[in-house]
Amino acid sequence: MKKAECLAMILAGGQGSRLGVLTKSVAKPAVPFGGKYRIIDFTLSNCIHSGIYTVGVLTQYQPLELNTYIGSGHPWDLNRNSGGVYVLPPYQSAEKGEWYKGTANAIYQNIEFVDKFNPKYVVILSGDHIYKMDYAKMVEYHKEKNADATIAVIEVPWEEASRFGIMTADENGKIVEFAEKPKEPKSNLASMGVYVFTWEVLKKYLQNDEKDPQSSNDFGKNIIPTMLGNGENMCAYAFEGYWKDVGTVQSLWEANMDILADPPAFDLHDNNWKIYSRNPVKPPHYIAKGASVTNCCVTEGCNVMGSVKHSILFEGVTVEKGAVVEDSIVFPGSIIREGAIVKKAVIGEEAVIGKGAVIGDENTDSSKYSSPYCTGGISLIGGGVTVSENEKIGVNSMVVEPGQKGEN
Amino acid sequence: MKDMMGIIMADNSELRLNELTEFRSVPALPFGGRYRLVDFILSNMVNSGIINVGVATSINYSSLMDHLGSGAPWDLNRKIYGLFMLPPYVRGGVSDISAGSVDQLYGVLTFLRRSRQQYVLLASGRTVCNMTFDAALSQHIEKGADITVIYHDKKEKDEQLSHSTVYEVNEDGRVTGIETEPHFPKTTLQGMGMFIIGRLKLIELIEDAYARGSHDFVRDLLRNAVNTLNVFGYEYKGFVGTVDSVRSYFEVNMKMLDADVRKEIFGAENRIYTKVKDQVPTQYKETSQISDSLIADGCVIEGKVENSIIFRGVHIAKGAVVKNSIVMQNSVIEENCDIENTIIDKECTLRASKRLVGQPNYPVILPKRTLL
């Protein structure tokens, strides 16, 4: 097999439980985003734009949808004779078979896969971040610094720093300290979960880490600190630009709204860095007489007869006459019936909001469907849920099934 | 339908489309916001289970080739059969380029001989409909037909009928008369430019017609066949839009704003496939006002759009009004423009405050890449 200088491994096995009902039946990377994408499209598109043509996608939690979505990889030009995209679920081997115990273990279990391509460098990525990044530049930096590991970092607001893995680097960009979610952060450079490793070095650490029964086999908790402790050459690569971890309902909602800002905080209209996705086979969207659509993103197959304001409609959404959608994200195939009102909500795929129903109603007691996952006044309606006529659902609600409290 | 193959005849012989076909063949005409005309016949073929399709081109076929590519959007990028581009064949320095459909077919004889399907669906690629050919083929076999022509009943004698092929069909379904571009058509049965013929029969007919110096498939070959062969008609009863003039191009596009037509064409289980462009969703700004319009992905809309069809990647700036018009891919309409009854071809730019107004039955055309 032809030697690839660089290979990417995308960690896409996590459940993303903080997304509540949105990840009930799909893994987080398969959650829809931005009108026609899935979260993993951003990472896959970054790979192809960075000239990385060999990509392993490590799946575990609810992989069916993700597997089908990735398919042969042709939407991202990753259907290739040499390289291409490979979905890598955990497997049974002669000695044993086990689930991926942690992020590092997931790569460990696929050492053979990586070795087949015999790459000099491996880029480890998360399948659940929204950003546009040229990994090739980072690999160049890694080479220049003759590093064993390079970690992409981004400046975050000081008050949020304790939510992230925080790096402290010296003036040459060499990492001197790493703290996972520190109470008192010494720096505001957060790890983006984007790593470049020299494969030979990483392989050794993965093998040693596996032998340690105390280890949780995680990059952030184990591999990085151990490498740092052993004095390996580890560098921080500063990334500037938009980057968002969409791990919670609120951050997912915010990141979607960032697209709608004028000018957009995150610009998808970039012909030199298109985000590729599996495109639906749907006609252009139709906006009827009497409809109103302002500050919105609308995609193919939608039918809008009502009023849509500051919202994102995915493919094939219907907004009937007199219905109002505001500050919301409506996933593919959902129907907002006549006169229904949807405010600051995320509506799952193929959901139906009945005639005259109200989602995100400030005057309704929200305890019925309250959920720890829904904060900031955002409501969440699960995929396939039908909200009955004239039903009122309060703010911060999560409806998994009608009448069932939103605990997923 | 493993036993039928398809041949799409991509000709440019349509003078009534003016500037629209100056740089492209008729099947390559952009349609309905994100399609090209060829998408309909190609999707219909694929949805009927046809896996072997040849596209016979004449001149200016680069936009068609660019659009069809390897055939992947139609699942025609196959090892076994798939999509074949059949450019004009040049024999001893004499090309078929300006000759008729018989000459064009003569050029694809090798493709016909190499294929193994028993039947051929010959189609023009200018008809907008969502149909499959199973029933037509069954009828063809059942009747023992040599040629089956597919037609629909226009119900009224209009201008378009006078530049179409019009059939007379008796109660058995046998075609008894053919008129091409009749001034006073005898019936309202308009041909859809689709024919089912046995593959070997087609080879035989083309060789024969070519040897006699005939050029046109319908005028020469088919009209002759009515008297000598079993020619039957198959009536299609769904929506049919035939694009053969600027006016019909405009009208058939506008028909897509009709909810029932749109549902039949795009909402059916059988999909209409087209080349994927990976455009972002369309962005509507604070000032946008939209009514009764079909809008594709990748647009930025700040102005007013009414009763129009907007293709992918169009920008309509603040204060601009687009009414009863078609705006093709990547065109830019700057601030305070006023557009009505107009067809704006691809990649045009209208600088601020331009006014362009046509008549509903005679739209103005702004040719490709015009800067106004």
>> I'd like the accessible area for B:K143: 1.4 Å probe, protein heavy atoms, all chains in place, Å² to the nearest 10.
In response: 80
>> Tell me whether segment B:331-372 comes out rounded, prolate or oblate; compute the Cα gyration tensor, take square roots of the eigenvalues as a ≥ b ≥ c, and use a/c under 1.5 as the rounded threshold.
In response: oblate
> What does the accessible area per residue of segment B:4-266 come to in Å², with a 1.4 Å probe and no ligands, DNA or RNA counted?
Replying inline: 40
>> Can you compute the FRET efficiency between B:A211 and B:A259 using 1/(1 + (r/R0)^6), with r the Cβ-Cβ distance and R0 = 35 Å? Round to the nearest 0.05.
In response: 0.10
>> Could you work out what % of the accessible surface of the protein assembly as shown is carbon and sulfur, using a 1.4 angstrom probe and leaving DNA, RNA and ligands out of the count?
In response: 46
>> I want the antiparallel fraction of DSSP beta bridges within segment B:283-366, as a percent rounded to 5.
In response: 5
> Nearest 100 Å², what total accessible surface is buried between chain A and chain B (probe 1.4 Å)?
Replying inline: 2800
> Residues in segment A:126-162 near a label at A:E184, defined as backbone nitrogen under 19 Å from the 7 Å Cα→Cβ point?
Replying inline: A:158-162
>> Please check segment A:285-304 for residues whose accessible area, probe 1.4 Å, is lower by 20 Å² or more when all protein chains are in place than in their chain alone.
In response: A:H285, A:Y286, A:I287, A:K289, A:V293, A:T294, A:N295, A:C296, A:C297, A:V298, A:E300
>> Counting only other residues whose beta carbon sits under 13 Å from that of B:D292, what net charge do I get with K and R as +1, D and E as -1?
In response: +3
> Could you give the nm distance between label points at A:S216 and B:D158, where each point is 7 Å from its Cα heading toward the beta carbon?
Replying inline: 7.0
> In sequence order, what are the phi-derived ³J(HN,Hα) couplings for segment A:351-357 according to the Karplus relation 6.51 cos²θ - 1.76 cosθ + 1.60 with θ = phi - 60°, rounded to whole Hz, with x for glycine and proline?
Replying inline: 7, 10, 9, x, 3, x, 6
> When all protein chains stay in place, what accessible area (Å², nearest 10, 1.4 Å probe) is found for B:R271?
Replying inline: 70
> Against the longest alpha carbon principal axis of chain A, how many degrees, from 0 to 90 and to the nearest 10, is the axis of helix A:249-260 turned?
Replying inline: 80
> How high is the FRET efficiency from A:E200 to A:E65, r the C-beta distance, R0 35 Å, rounded to 0.05?
Replying inline: 0.50
>> How much accessible area per residue does segment A:279-408 have, counting only protein heavy atoms and a probe of 1.4 Å, in square angstrom?
In response: 35
> Between the helical axis of B:246-255 and the dominant principal axis of chain B, each derived from Cα atoms, what acute angle in degrees is found, rounded to the nearest 10?
Replying inline: 80
>> Nearest 5 percent is fine: what portion of the DSSP beta bridges confined to segment B:4-266 is antiparallel?
In response: 55
> Can you run phi through the Karplus equation (6.51, -1.76, 1.60; θ = phi - 60°) for segment A:341-349 and list ³J(HN,Hα) in whole Hz, with x for Gly and Pro?
Replying inline: 10, 10, 10, 6, 9, 10, 9, x, 4
> What residues qualify as long-range amide H neighbours of B:G54, i.e. H under 5 Å apart, gap of 5 or more or another chain, H built at 1.01 Å from N?
Replying inline: B:G6, B:I7, B:I8, B:F84
>> Quick check: residue separation of A:E389 and A:A265 times 0.36 nm, minus the Cα distance between them. What number comes out in nm?
In response: 41.0 nm
> Among rounded, prolate and oblate, which fits segment B:4-266 when a ≥ b ≥ c are the square roots of the eigenvalues of its C-alpha gyration tensor, a/c under 1.5 means rounded, and a/b larger than b/c means prolate?
Replying inline: rounded
>> Between 0 and 90 degrees, rounded to the nearest ten: what's the tilt of helix A:199-211 against the longest Cα principal axis of chain A?
In response: 80
> For the protein assembly as shown, with the dipole built from +1 on Lys and Arg beta-carbon atoms and -1 on Asp and Glu ones, taken about the Cα centre, which of B:F111, A:C302, A:M227 lies farthest toward the positive end?
Replying inline: B:F111
> Which residues of segment A:20-66 end up with at least 20 Å² less accessible area in the presence of all protein chains than when their chain stands alone, using a 1.4 Å probe?
Replying inline: A:K36, A:Y37
> Could you give the nm distance between label points at B:R114 and A:N208, where each point is 7 Å from its Cα heading toward the beta carbon?
Replying inline: 6.1
> segment A:159-191: which trypsin sites (Lys or Arg not before Pro) are DSSP loop and have at most 11 other beta-carbon atoms within 10 angstrom?
Replying inline: A:K183
>> Just to be sure I follow the rule: in segment B:183-314, considering lysines 8 or more places apart or on different chains, how many pairs have Cα atoms under 18 Å apart?
In response: 4
> So how much slack lies between A:N79 and A:E171, counting 0.36 nm per residue of separation and subtracting their Cα-Cα distance, in nm?
Replying inline: 28.9 nm
>> I want to check the label-to-label distance for B:K2 and A:E5. Put each point 7 Å from Cα in the C-beta direction and report it in nm to one decimal.
In response: 4.8
> Taking amide hydrogens as modeled 1.01 Å from N in the peptide plane, which residues meet the under 5 Å criterion relative to B:V169, leaving out close sequence neighbours?
Replying inline: B:T176
> What's the average, rounded to a whole number, of partner chain beta-carbon atoms within 10 Å of each residue's beta-carbon in B:290-300?
Replying inline: 6
>> If amide hydrogens are placed 1.01 Å from N in the peptide plane, which non-local residues have theirs closer than 5 Å to the one on B:T349?
In response: B:V332, B:T370, B:L371, B:L372
> Residue-wise, which Karplus ³J(HN,Hα) couplings in Hz belong to segment B:176-185, taking 6.51 cos²θ - 1.76 cosθ + 1.60, θ = phi - 60°, and x for glycine or proline?
Replying inline: 10, x, 10, 10, 10, 6, x, 5, 10, x
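The values are calculated or read from the model by the stated rules, or taken from the named source; none is laboratory data. This structure is a prediction, so every number in the text was calculated from the model and none was measured. So basically every Cβ, Gly included, is an ideal-geometry build from the backbone, and we count neighbours across all protein chains shown. Heads up: the accessible areas ignore ligands, DNA and RNA and are worked out on the full protein's heavy atoms, side chains in. Shrake-Rupley method; radii C 1.70, N 1.55, O 1.52, S 1.80 Å.
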